[in-house]
Amino acid sequence: MTVRFSDERPIFIQLAEMLEDAILSGAYNEEDQIPSITEFSVAYKMNPATALKGVNILVDAGLLYKKRGVGMFVSRDAREKLAEKRKERFYRDFVEPMILEAIQLGISESEFIEMAKRGLSEHGN
Amino acid sequence: MGIEIKNVTKNFGSTCALDQVSLSIAGGKIYGLLGNNGAGKTTLLNIITNRLYPDSGEVLIDDESVSDNDRALGKVFFMGEQNLYPDNMRVHKAFAVTKLFYPNFDIQYANELAGRFGLNTKKKITALSTGYASIFRLILALSVNTPYLLLDEPVLGIDAQHRDMFYKLLIEKYSENPCTILISTHLIQEVANLIEHTFIIKNGCIIKDMPREELLDGGYTVSGPASLVTSYLSGREVLSVSSLGGLKTACVQGKAERTDLPAGLELGTLGLQDYFISLMNEEENK
Amino acid sequence: MNTMNLRPAYKYRFCDMVKGIGVFYAIMVVVMTSVMGMVSYTASNGSEVTGSFSAFVFAASITLFIIGITTIREDLRLMLQNGIGRRTVFVSELLVVLSVSLLLCVAGELLITIGQAVSANRSNVVITDIYQMLYTNGSNYHMSLTQHVESIALAFGIYMFANLAGMFISLLFYRLNKMWMLITAIGVPIFIFIGLPVILTQTRPGLLLESVFNMIVAFALKGPWALLICFLLTAVLIGIVNWLMMRRAPVK
């Protein structure tokens, strides 16, 4: 587990996002126990206080809960909550820039919708 | 509680190595003492551990002066670049001697680490290569279990694999048995994610003394087409600028305002090493 | 005083020094028995050979002198690495030298006495040492208890002086920078062999000094206790200078 943190965002935020990704992708399933703060900080070579900060973002959002004396676990409805949260972010991070880029390239609305349909049929669920 | 350094000044002949340095080290955090070679880091650490005497000022550990005070000095272990054990002493004997003086020294753990690093404890300390001499000192530092741990350029001369091992062991130890650690180094990038509080020292003066995140929050990077960047920079406190072709990247002091950011420009957070370099250059450009 | 962590410092240095002294003592035992053995062996073949063993105290003081030179810097560095202050280093060194000197002078006296007892009826083996040579007529092998105590005490004073003198030499060269080292290395011999005799015989204060020196020597020769006091006083003076040199010694 040697992931390099980039300089773009504070490390604890990057750790939190990594954890969220892991929950969404199913790497950490609901009610699973996740590694301890020590294990995270050792694996990513980061300060344990920083690791704790990152984990606490998820705890505060109700995505993780702590069982005293045992460790930290993924909440039962974590995936749902995350998906909701991510949808709004999906719009902001992907859809909006995509639209802006499309405008810059001079793509019309109908062309745009055509592209969307094409994408959905090629990769769709 | 903690290590208090009060107005310490030290001159070597006509050179001023430390100028009115005051610091506070406490609270079970990992501190970074960052500076270039010759900035005064080792001198400061030598003064904290009573190996050198300051010309003025004092050092207190848990409210006691360190001068000739075994009780205070016994709470600190200083891992410096110098080997202060007798040259012809063997490693296992050095472990035993350290245990004599630091009762919490864990010999079993030290031997276990020696095995993991591949250090032959029967060897004499002088017979160790540069890398293994450092590893020997690292093992001492990881096994000594004192409330305060000072590390001066801990990984110099150590290969990448063993460096990695060391950082992981250090974090593991710190996470399970919190203590106060100070890492003094000029390898900023290596320790950037490890340290919680930053001291930056230049030419014997402390120019920054704040939590790492606060330090990095105090600036940001902006990059994009050169002309856009240049106009953006007017009226702002610029730390450094670098350009490549038509693109420019600048480090700026202050808070980033995303709202009035012109299109085409990108903002980013400051990396510790870049910020450090900017600071060193900034001081020179003044 | 409760900031001094004496016990580990004392333990470390004592164990270290005792090993060296133990080896020395073993060698002395071997030498003495060899001398006795060889002489009686050759004598049984009818030759006129004499052997003597009379330099135990001398050899021991040289050993302690060398130990004083070689260990102080090493120990100062090791102790500072292990959180022990200079004051504790000095005090523990003193205590260890006291202990070891005591052990050595008693053990030495024992060795000589036993050697003398074993070779009592042989005239071709001479086993003796400095006290007897100075303060008894040489053929007097049998000493009273008081004399034994005086002999032990004298050896003790000599040993203390020797070790502290060794420390002094080492610390002196530790604290002197290169220029002063050169001046000392050249200047001191010149002073001793040329300067001092000139001062003592030609100048007024020199003559005064010489008479003081003669008084001291006369006093010292009065008896073993006088000589012991001279050695101990000198040892104390050297010890004080050693502390002054050590107390701010930089360790880098």
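The values are calculated or read from the model by the stated rules, or taken from the named source; none is laboratory data. Quick caveat, the model's predicted, so the values are computed rather than measured. Because the Cβ atoms are built from the backbone with ideal geometry, glycine has one as well, and the counts that use them run over all protein chains shown.
Of all the listed residues (A:Val59, A:Val42), the sole one being without any contact (Cβ under 8 Å) to a residue 60 or more places away in the chain, closer than 18 Å to A:Leu15 by Cβ and buried (at least 17 other Cβ atoms within 10 Å of the Cβ) is A:Val42. When each of B:Thr98, B:Thr126 is tested for being touching a Phe, Trp or Tyr at 6+ places or on another chain (Cβ under 6 Å), in a helix (DSSP H, G or I) and within 14 Å of chain C (Cβ to nearest Cβ), the lone residue that passes is B:Thr98. Just checking, which of C:Gly187, C:Gly195, C:Gly115 is touching a residue at least 12 places away in the same chain (Cβ under 8 Å) and part of a helix (DSSP H, G or I)? It is C:Gly115. Criterion first (crowded, with 16+ Cβ neighbours inside 10 Å, within 13 Å of chain C (Cβ to nearest Cβ), modelled with pLDDT of 90 or more and not in a helix (DSSP H, G or I)) does B:Asn46 satisfy it? Judged against the criteria, B:Asn46 is not a match.
Could you grab me the full set of residues in the stretch B:164-217 that are among the acidic types (Asp, Glu) and within 26 Å of B:Glu282 (Cα to Cα)?
B:Glu190, B:Glu196, B:Asp209, B:Glu213, B:Glu214, B:Asp217
Listed by first and then second residue, the pairs linking a residue in the stretch B:58-81 that is within 8 Å of another protein chain (Cβ to nearest Cβ) to a residue that is in a strand (DSSP E or B) and polar (S, T, N, Q), with Cβ atoms under 9 Å apart and 6 or more places separating them unless they lie on different chains, are B:Ala72/B:Ser65.
Scanning the stretch B:258-274 for residues that are in contact with a helix residue (DSSP H, G or I) (Cβ under 7 Å, 6 or more places away or on another chain) and more than 10 Å from every other protein chain (Cβ to nearest Cβ) gives B:Pro262, B:Gly264, B:Leu265. With a requirement of 2 or more residues that are of a type outside the set (Asp, Glu), surrounded by 20 or more Cβ atoms within 10 Å (Cβ to Cβ) and modelled with pLDDT of 90 or more, the strands (runs of 3 or more DSSP E) lying completely within the stretch B:159-214 that satisfy it span B:180-185, B:197-202. Against the list (1) more than 22 Å from A:Ala83 (Cβ to Cβ); (2) part of a loop (DSSP other than H, G, I, E, B); (3) more than 10 Å from chain B (Cβ to nearest Cβ), the condition A:Met46 fails is (3).
Taken together, C:Ser44, C:Ser34, C:Ser92 contain a single residue that is out of contact with any Ser or Thr (no Cβ under 8 Å at 6 or more places or on another chain) and under 22 Å from C:Ala155 (Cα atoms), which is C:Ser92.
Under the condition of being of a type in the set (Asp, Glu) and closer than 20 Å to C:Val89 by Cα, the residues counted in the stretch B:57-76 number 3.
You will find that of C:Leu76, C:Leu95, C:Leu80, the residue that is away from chain B (no Cβ under 14 Å), surrounded by 15 or more Cβ atoms within 10 Å (Cβ to Cβ), hydrophobic (A, V, I, L, M, F, W, C) and in a helix (DSSP H, G or I) is C:Leu95 and no other. Filter the stretch B:218-263 down to the residues that are assigned to a strand (DSSP E or B) and among the aliphatic types (A, V, I, L, M), then identify the one that is nearest to B:Met280 (Cα to Cα). Restricting to residues being assigned to a strand (DSSP E or B) and among the aliphatic types (A, V, I, L, M), the top hit is B:Leu239.
Yes or no, residue by residue, for (1) hydrophobic (A, V, I, L, M, F, W, C); (2) more than 27 Å from B:Glu81 (Cβ to Cβ); (3) touching a Cys at 6+ places or on another chain (Cβ under 8 Å):
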site	(1), (2), (3)
B:Pro154	no, no, no
B:Leu169	yes, no, no
B:Ile181	yes, no, no
B:Gln189	no, no, no
B:Ile195	yes, no, no
B:Thr221	no, yes, yes
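When you scan the stretch B:205-213, do you find a residue that is over 26 Å from B:Thr9 (Cβ atoms), within 12 Å of another protein chain (Cβ to nearest Cβ) and out of contact with any Ser or Thr (no Cβ under 8 Å at 6 or more places or on another chain), even just one? For the stretch B:205-213, residues over 26 Å from B:Thr9 (Cβ atoms), within 12 Å of another protein chain (Cβ to nearest Cβ) and out of contact with any Ser or Thr (no Cβ under 8 Å at 6 or more places or on another chain): present. Please enumerate the residues belonging to the stretch C:34-59 that are assigned to a helix (DSSP H, G or I) and surrounded by 14 or more Cβ atoms within 10 Å (Cβ to Cβ). Within the stretch C:34-59, C:Val35, C:Met36, C:Val39, C:Ser40, C:Thr42, C:Ala43, C:Phe56, C:Val57, C:Ala59 meet the criteria. Applying the criterion of being among the aliphatic types (A, V, I, L, M) and surrounded by 15 or more Cβ atoms within 10 Å (Cβ to Cβ) to the residues of the stretch C:170-209, the residue that is modelled with the highest pLDDT is C:Leu171. Of the residues making up the stretch B:101-123, those that are crowded, with 16+ Cβ neighbours inside 10 Å and either within 14 Å of chain C (Cβ to nearest Cβ) or closer than 17 Å to B:Met79 by Cα (or both) are B:Phe101, B:Tyr102, B:Phe105, B:Asp106, B:Ala110, B:Leu113, B:Ala114. When we screen B:Leu150, B:Leu156, B:Leu140 for residues that are assigned to a loop (DSSP other than H, G, I, E, B) and in contact (Cβ under 8 Å) with a residue 40 or more places away in the chain, the only hit is B:Leu156. Among the residues of the stretch A:68-81, is any part of a helix (DSSP H, G or I) and either closer than 24 Å to B:Leu272 by Cα or modelled with pLDDT of 90 or more (or both)? No: zero hits. Being touching a strand residue (DSSP E or B) at 6+ places or on another chain (Cβ under 9 Å), within 29 Å of B:Glu266 (Cβ to Cβ), more than 10 Å from chain A (Cβ to nearest Cβ) and of a type outside the set (Lys, Arg) is a property that holds for B:Leu233.
The test for being β-branched (Val, Ile, Thr) and either modelled with pLDDT of 90 or more or more than 22 Å from B:Thr49 (Cβ to Cβ) (or both) holds for C:Thr88. When each of C:Thr70, C:Thr3, C:Thr88 is tested for being within 12 Å of chain B (Cβ to nearest Cβ) and not in a helix (DSSP H, G or I), the lone residue that passes is C:Thr3. Condition check for B:Pro54 on (1) buried (at least 21 other Cβ atoms within 10 Å of the Cβ); (2) at the interface with chain C (Cβ under 10 Å from one of its Cβ atoms); (3) touching a strand residue (DSSP E or B) at 6+ places or on another chain (Cβ under 9 Å): one failure, at (2).
Contact map, the stretch C:7-24: residues that are within 14 Å of chain B (Cβ to nearest Cβ) paired with residues that are of a type outside the set (A, V, I, L, M) and exposed (fewer than 14 other Cβ atoms within 10 Å of the Cβ), Cβ distance under 9 Å, separation 6+ or inter-chain. Pairs shown: C:Pro8/B:Pro103.
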